[in-house]
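Here is the structure we will look at, set down as structure tokens.
Just so it is clear, none of the values below were taken in a lab; they were calculated from the coordinates. Here the structure is a predicted model, which is why all the values come from computation and not from measurement. FYI the Cβ positions are ideal-geometry reconstructions off the backbone, even for glycines, and counts take in every protein chain you see.
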Amino acid sequence: KQEVTQIPAALSVPEGENLVLNCSFTDSAIYNLQWFRQDPGKGLTSLLLIQSSQREQTSGRLNASLDKSSGRSTLYIAASQPGDSATYLCAVSDTNSNSGYALNFGKGTSLLVTP
Amino acid sequence: DGGITQSPKYLFRKEGQNVTLSCEQNLNHDAMYWYRQDPGQGLRLIYYSQIVNDFQKGDIAEGYSVSREKKESFPLTVTSAQKNPTAFYLCATRQGAAEAFFGQGTRLTVV
């Protein structure tokens, strides 16, 4: 069964720093990988979707990379701001399951950006 | 306003009671999913449906039931058989393997 791991579990940085969040998965047979943001008590907001054939995707200050063969993805946040404080979740949908493109989630990285 | 609407935002269940969580979407997506989120754990799949009148069990389906009578709606019933239902419940939709979208969640508490 696909297992998704996110490191670190929590991260605190001063405003303005560039930072990297890590995601690893055990089964490289994936359709794609999606990064989400979750604010306390809220639903998930999609940030980036990377297809299995892609190496990276960019949206504003966010850049996500994918190395499917090694089972790794990183989310790079440039020039962090206090408004970036949230939990970041990584999820993959894999080709070996029969769960209709359902996402397998990591436990998330809780990010705090201090002014 | 497009998207996914979950209701209610907060729900309280007494012992032995069944409760139903609503999920409605106007994205015209074929697939809908229910996830459960507990503190310190990732989201876990309860049920999913890829087409009207068809649905499949996820990893933690025991104590839950669903229906998919309309493309727009995928309600989740938490039955009295679910012994530890206190959690945050999230509904998602997806068209094939494209980007998945989530509702704002329902927080269920046993009283």
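Projecting label points 7 angstrom from Cα along Cα→Cβ for A:Asp39 and A:Asp67 puts them 3.4 nm apart.
Amide H contacts of A:Gly108 (H built 1.01 Å from N, in plane; Pro and chain starts excluded): A:Gln6, A:Cys90 sit under 5 Å, all sequence-distant by 5 or more or on other chains. Which entries of A:Lys107/B:Lys57; A:Lys68/B:Lys70; A:Lys107/B:Lys83; A:Lys68/B:Lys83; A:Lys107/B:Lys70; A:Lys68/B:Lys9 have Cα-Cα distances beyond 30 Å here? With Cα atoms farther than 30 Å apart: A:Lys68/B:Lys70; A:Lys68/B:Lys83; A:Lys107/B:Lys70; A:Lys68/B:Lys9. The calculated FRET efficiency for the pair A:Leu112 and A:Tyr31, based on their C-beta separation and a Förster distance of 45 Å, comes to about 0.90. Rg and Dmax of the protein assembly as shown, based on Cα coordinates, read 17.5, 51 Å. With the simple spin-label model, which puts each label point 7 Å out from Cα in the Cβ direction, the B:Asn26 to A:Leu19 separation comes to 3.6 nm.
Dipole size of the protein assembly as shown about its Cα centre, with +1 on Lys/Arg Cβ and -1 on Asp/Glu Cβ: approximately 380 debye, rounded to the nearest 20.
Positive-end ranking of A:Ser69, A:Tyr101, B:Leu108 along the dipole of the protein assembly as shown, with charges on Cβ about the Cα centre, is headed by B:Leu108. Each of A:Ala9 and B:Thr109 was given a label point 7 Å from its Cα along the Cα-to-Cβ line. The distance between the two points is 2.5 nm.
For chain B, the spread of Cα positions along the three principal axes, ordered from largest to smallest, is 37, 25, 24 Å. Think of each Lys and Arg Cβ as +1 and each Asp and Glu Cβ as -1; about the Cα centre, that makes the dipole of chain B roughly 300 debye. Taking the inverse of the mean reciprocal distance over all distinct Cα pairs, the Kirkwood hydrodynamic radius of chain A comes to 14.2 Å.
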